[in-house]
Amino acid sequence: MSSGTITRAGTAPLNEVARYSFAERAVHWIAAIAYVYCMVTGLALFTPFMYWMAAVLGGGGTDRFWHPWVGLVYLVTILWMQAKWRWDMAPIPEDKKWDRNLKYYVKNQDDKMPPQGRFNAGQKLFWKGMFWCALILLITGVVMWFPELMPRDAHFALTLFTFIHSATALVTIALIIIHVYMSVWLEPGSLKSMIDGGVSPRWARTHHRLWYEKMTGRKS
Amino acid sequence: MSNSTLEVKAISGHRGGTPGGGHYRQPDGSTHQGVSREYDVCKLVDTTTCIGCKACEVACVEWNGYDFHHTTLDNTYQTMPETSWNFWNLIKFNEITDDAGNTQWLMRKDQCMHCEEPGCLISCPADGAIVQYTNGIVDFNQEHCIGCQYCLTGCPFNIPKFNSATKKVYKCTLCSDRVGAGLEPACIKACPTGCLRFGSKEDMLFEAHQRVDQLKAHTSWTNAGVYDPEGVHGTHVIYVLGDARDPEKYGGLPANPTVPIFVRLWKGPLKWLGGFGIIAGVLGVFFHRVRYGVKHLEGEEEERKP
């Protein structure tokens, strides 16, 4: 068996390239559930048009109580992913060309894109973006968690932090819309890789050529 | 005052018009329900005749059914540093040395100001937790409060106070229960000097200005003035200040209170930008898929060709 193929106990080896370990998948989905909970409860508190979501999830008071705690769970998963993928997310020379050719990527003309490692330059941007947003959400969120402890002289900071918390959350929603769209709909095989852990060799070769070569030892 | 003075004008966290409220457009095109504006209520506090007896504090706690609790001594006559969730009416005592070197002992009754443009209500996300009646009273409905404390963020006067046991926020109701039944607020009833008065906003403003003219003409309070801040479109508690040049010295009364700028941006442009941005984003990726299709794997295109 060549390196990079995955097997399951009692079954024949699947002709797949191992992409995500169980731990990576588990943490990713914990992050996803925690994020969606925070997004929905956050939107309920953000705009009256979404307040009905609070009722769906147990009422506004329940939302207010759990939102910060689940936010902390989300933060832990973000930190784990930052540590786990820091080498795979490191910039490579090809990323510059990838950024330049972004318009072709958007138009699905993927043959014009440079070869990429385990993660492409866009994924690296998403990974960094979600990390910095999570840090901002943490700092501003802790203040909003206990506003009664804020000294009145620092009241301006309370209003500013509240604004920044909402604005930053909206930035993450923009990133999440793109992330979910691409993995669930635009790129067949992506969602499956985050559930089952593997991708077809062809998928790996198309989207992550350098990673494919490293994993299989094959030059393409 | 009749019960009709408690018609709802605005509701927190509420989308659309306000049932029975002043924001519904009437058949004749007006946006107010006529009579309601005539009943704008107002509390007038004349700081120059307040003697600091604290009868209003006692009346407030009694009427609202809270227990008396330990006071905080900070070497003044003030009961505690600021109002608390179950102590909504606090006389603030301030010793000031004026420009001439004379000591002034200033007292001001601190409570909810019942802003015409209430920052608490603007900030509140919970449907119906804060209501503004057409008579100007801004009231909290604790049964709908979710304890998020956004009202603390929105208030320019540091009034709403959180109870960590009930996870709800409380403040002065301007005795909406008494006013709705045609009575004056409890603090007004208890005041022995007449420095507290209650009536329509128009009448109270008239009395306040009359008192200011009197102070200027017959006393050394030549800088007397009425405190009815424009920044929140006026308040339903107004003060006669002996020295209106510097309200801050009356226990931190803000000189120019407004709904904080970032609360305005947050509950105004950001809310709309966010809402439309999310819709545009979802539509955007949908039409991207419709326009460009899915990403194909290498060689797939060739295989499809006959």
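Here are the numbers:
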item: Selection from the range B:101-128 of residues that are farther than 20 Å from B:Val263 by Cβ and among the acidic types (Asp, Glu); result: B:Asp110
item: Any chance A:Ala44 is within 12 Å of chain B (Cβ to nearest Cβ), small (Gly, Ala, Ser), without any contact (Cβ under 8 Å) to a residue 40 or more places away in the chain and surrounded by fewer than 16 Cβ atoms within 10 Å (Cβ to Cβ); result: no
item: Verdict on A:Ala54 being assigned by TED's automatic domain parsing to the domain that holds A:Trp69, modelled with pLDDT of 95 or more and of a type outside the set (Asp, Glu); result: no
item: Residue count, the range B:237-268 (criterion: more than 9 Å from every other protein chain (Cβ to nearest Cβ) and either part of a loop (DSSP other than H, G, I, E, B) or more than 22 Å from the chain's Cα centre (by Cα) (or both)); result: 15
item: Residues of the range A:164-220 classified as under 20 Å from the mean Cα position of the chain (by Cα) and not aromatic (Phe, Trp, Tyr), total; result: 36
item: So A:Gln116, is it within 14 Å of chain B (Cβ to nearest Cβ), under 30 Å from A:Arg209 (Cβ atoms), within 22 Å of the chain's Cα centre (by Cα) and not aliphatic (A, V, I, L, M); result: yes
item: Close pairs from the range B:154-170: first within 18 Å of A:Phe161 (Cβ to Cβ) and more than 8 Å from chain A (Cβ to nearest Cβ), partner of a type in the set (D, E, K, R) and part of a loop (DSSP other than H, G, I, E, B), Cβ under 7 Å, at least 6 apart; result: B:Pro160/B:Lys171
item: Conditions (1) aliphatic (A, V, I, L, M); (2) within 12 Å of chain B (Cβ to nearest Cβ); (3) farther than 28 Å from B:Gly284 by Cα: number failed by A:Leu138; result: (2)
item: Helices (runs of 4 or more DSSP H) contained entirely in the range A:132-220, each with at least 3 residues that are touching a residue at least 40 places away in the same chain (Cβ under 8 Å) and small (Gly, Ala, Ser); result: none
item: Any hit, the range B:274-290, residues being assigned to a helix (DSSP H, G or I) and touching a strand residue (DSSP E or B) at 6+ places or on another chain (Cβ under 7 Å); result: no
item: Scope the range B:167-200; condition aliphatic (A, V, I, L, M) and part of a strand (DSSP E or B); matching residues; result: B:Val169, B:Leu196
item: Whichever residue in the range A:102-150 is acidic (Asp, Glu) and surrounded by 13 or more Cβ atoms within 10 Å (Cβ to Cβ) and, among such residues, is farthest from A:Glu187 (Cα to Cα); result: A:Glu148
item: Test: residue in the range B:124-136 that is crowded, with 22+ Cβ neighbours inside 10 Å and out of contact with any strand residue (DSSP E or B) (no Cβ under 7 Å at 6 or more places or on another chain); result: yes
item: A:Tyr105 vs. criteria outside the structural domain of A:Ala26 (by TED's automatic domain parsing), part of a helix (DSSP H, G or I) and either aromatic (Phe, Trp, Tyr) or at positive phi (or both); result: yes
item: Conditions (1) surrounded by 14 or more Cβ atoms within 10 Å (Cβ to Cβ); (2) free of Cβ contacts under 8 Å to residues at least 12 places away in the same chain; (3) more than 14 Å from every other protein chain (Cβ to nearest Cβ); (4) charged (D, E, K, R); number of the one not met by B:Lys271; result: (3)
item: Some residue of the range B:218-232 being surrounded by 19 or more Cβ atoms within 10 Å (Cβ to Cβ), part of a helix (DSSP H, G or I) and more than 10 Å from chain A (Cβ to nearest Cβ); result: yes
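Table: residues versus (1) outside the structural domain of A:Ile33 (by TED's automatic domain parsing); (2) polar (S, T, N, Q); (3) within 13 Å of B:Tyr150 (Cα to Cα).
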{"site": "A:Gly141", "(1), (2), (3)": "yes, no, yes"}
{"site": "A:Phe146", "(1), (2), (3)": "yes, no, yes"}
{"site": "A:Thr159", "(1), (2), (3)": "yes, yes, yes"}
{"site": "A:Thr162", "(1), (2), (3)": "yes, yes, yes"}
{"site": "A:His165", "(1), (2), (3)": "yes, no, yes"}
{"site": "A:Ile178", "(1), (2), (3)": "yes, no, no"}
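Yes/no per residue for (1) at pLDDT 95 or above; (2) under 21 Å from B:Arg264 (Cα atoms); (3) within 9 Å of chain B (Cβ to nearest Cβ); (4) buried (at least 17 other Cβ atoms within 10 Å of the Cβ):
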{"position": "A:Arg152", "(1), (2), (3), (4)": "no, yes, yes, no"}
{"position": "A:His155", "(1), (2), (3), (4)": "yes, yes, yes, yes"}
{"position": "A:Phe161", "(1), (2), (3), (4)": "yes, yes, yes, yes"}
{"position": "A:Ser166", "(1), (2), (3), (4)": "yes, yes, yes, yes"}
{"position": "A:Thr172", "(1), (2), (3), (4)": "yes, no, no, yes"}
{"position": "A:Ile177", "(1), (2), (3), (4)": "yes, no, yes, yes"}
{"position": "A:Tyr181", "(1), (2), (3), (4)": "yes, no, yes, yes"}
{"position": "A:Trp185", "(1), (2), (3), (4)": "yes, no, yes, no"}
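The values are calculated or read from the model by the stated rules, or taken from the named source; none is laboratory data. Please read all numbers here as calculations on a predicted model, not as lab measurements. A quick note on method: Cβ atoms are made from the backbone with ideal geometry, for glycine too, and the neighbour counts reach across all protein chains shown.
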